[in-house]
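What follows is a set of notes on a single structure, which appears directly below.
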Amino acid sequence: MNIGFIGGGTMAEAILGGMLEGGVAAAGDVMIGEPVPARRDYLAERYGVGVSDSNAPVADASDLVVMAVKPQDLPKVYSDIGGGFNDGQSIMSIVAGTKMKSLADGMRHDGIIRVMPNTPAQIGEGMTMWTCAASVSKAHRDTTSAILSTIGDEIYVDDEKYLDMATALSASGPAYVFMILEAMIDAGVYVGLPRDVARRLALQTVKGSTELVVQTGRHPAELKDMVTSPGGTTAEGLQALERAGVPAAVVDAVNAAYLKSIRLGQE
């Protein structure tokens, strides 16, 4: 299957690298439309794929076209390639906040796949939720699932409304985790640890705790109770977090991001 990318940025490269390494596609079957010459040259040299300074040749040559541009660039893309698709083609969009109807109207094509990845996809540890129109063929659905599996875990949903929720939780989620990590490292320094030691302790603690949940399948609350001895240091720390409203703040953060995602989709 021939696969094209409209845009060759960081997330496009993550998907490209994953699917080539995973054997979902060969370099000779891939073409990328990218306006920046230095970026085109890098992608061609690094991955051996075809490149173009315009979008039309990419769309014409591809069975599956990956839209990997910023939302503000969509009008130009619509002008370049809208109306040029046939029934045997599908469009996979990773454009943040842009609904399937808007993409279908702009492209004048119904075969839309909407994908919401996150930044850990860059190292093959991403979490992606996706959905697609009923007109998308089984072959293109299977290829999409295979591609997304090469950059981490993937979940297909039947209703597009869940993508706004995934935007708030998994797509924005890395930033929440990074903020908590930063705070843990700073806290270690505050109590007297060297910064490099605090960083190492915090990173492995978060990584190991996450893997413990994954491998044991236990509820986080159960594992939390296992760490918390009566009248101990962990209980004291948890009380401080509760008093500061940290659990409620996390819920508020995800909800605020969810409502913002809905608003962006209405603009």
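We did not get these values from a lab; they are worked out from the coordinates using the rules stated. The structure displayed is predicted, hence computed values, not measured ones. Neighbour counts run over all protein chains shown; Cβ positions are idealised from the backbone, glycine included.
Computed quantities for the displayed model
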{"item": "Extension gain (nm, one decimal) between E236 and K70, 0.36 nm per residue minus Cα-Cα", "result": "55.2 nm"}
{"item": "Residues A244 and Y156, FRET efficiency given R0 of 41 Å [Cβ-Cβ distance, rounded to 0.05]", "result": "0.60"}
{"item": "Mean projected area in nm² (Cα convex hull; one quarter of hull surface) for the stretch 134-234", "result": "9.4"}
{"item": "All-pairs alpha carbon distance profile, the stretch 39-142, 10 Å steps from 0, percent", "result": "14, 44, 37, 5"}
{"item": "Expected 222 nm ellipticity per residue - DSSP helices of 4 or more, -39500 (n - 2.57), all of the chain, to 500", "result": "-16500 deg cm²/dmol"}
{"item": "DSSP H segments from the chain that extend 18 Å or more along their own axis, Cα-based, with Kyte-Doolittle mean of 1.0 or above", "result": "173-190"}
{"item": "Length gained when the stretch L201-D252 is fully extended (0.36 nm per residue, less Cα-Cα span)", "result": "15.6 nm"}
{"item": "Computed P(r) (all Cα pairs; the chain; 10 Å bins; percent)", "result": "6, 25, 30, 19, 13, 6, 1"}
{"item": "Over the stretch 9-72: Rg over Rh, Cα atoms, Kirkwood Rh", "result": "0.92"}
{"item": "Across K101/K161; K138/K260; K161/K260, pairs whose alpha-carbon gap is larger than 24 Å", "result": "K138/K260"}
